[in-house]
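Down below is the structure, laid out as structure tokens.
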Amino acid sequence: MQLLVRGVHIQVSDALREYCEVHLGRALDRVLGREPAVQVEVHLVDTTGENKGGMDKEARITVHVPGHPALHITEQSDEIHKAIAAASDRVERAAKKYLDRRHDHSGPSLADLPTEGS
């Protein structure tokens, strides 16, 4: 898994980067296994600046898996760590839901089915 963590109005420390890596790695490993081609972009945003309070911290996560549509998740909280944890949980649920919805298309094709005239 390739992880890119960026901060907008937030200083991304090594501890915060590691927190993202641990939570997202655990969530995606449960669903996708150790797929090396997975790319995860994390944008950590403080929408009102560091001196304001409220639900102003956002974790915006985009997961790219080759051959599949990108998965976008955004979570808000009053603390950035809570937003990351909530977003990780949603990423896991959304990835599992997507994989469960995929149908097995290995059955007979329309060309192999008998026609009425045969």
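The values are calculated or read from the model by the stated rules, or taken from the named source; none is laboratory data. What you see is a predicted model; the values in this text were computed from it and never measured. Quick reminder, even Gly has a Cβ in these numbers, built from the backbone with ideal geometry, and neighbours come from all protein chains shown. In case anyone asks, the SASA skips ligands and DNA or RNA and just uses the protein heavy atoms, side chains included. Shrake-Rupley method; radii C 1.70, N 1.55, O 1.52, S 1.80 Å.
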Name the residues in region 42-59 that are closer than 16 Å to residue 11 by Cα, touching a residue at least 24 places away in the same chain (Cβ under 8 Å) and not β-branched (Val, Ile, Thr), would you? 43, 44, 46, 49, 50, 57, 58, 59
Checking residue 58 against (1) out of contact with any helix residue (DSSP H, G or I) (no Cβ under 9 Å at 6 or more places or on another chain); (2) over 26 Å from residue 101 (Cα atoms): exactly one of these is not met. Which one? (1)
Counting only residues that are open to solvent by 80 Å² or more (accessible area, probe 1.4 Å), without any contact (Cβ under 8 Å) to a residue 24 or more places away in the chain and not in a helix (DSSP H, G or I), region 1-33 contains a total of 1
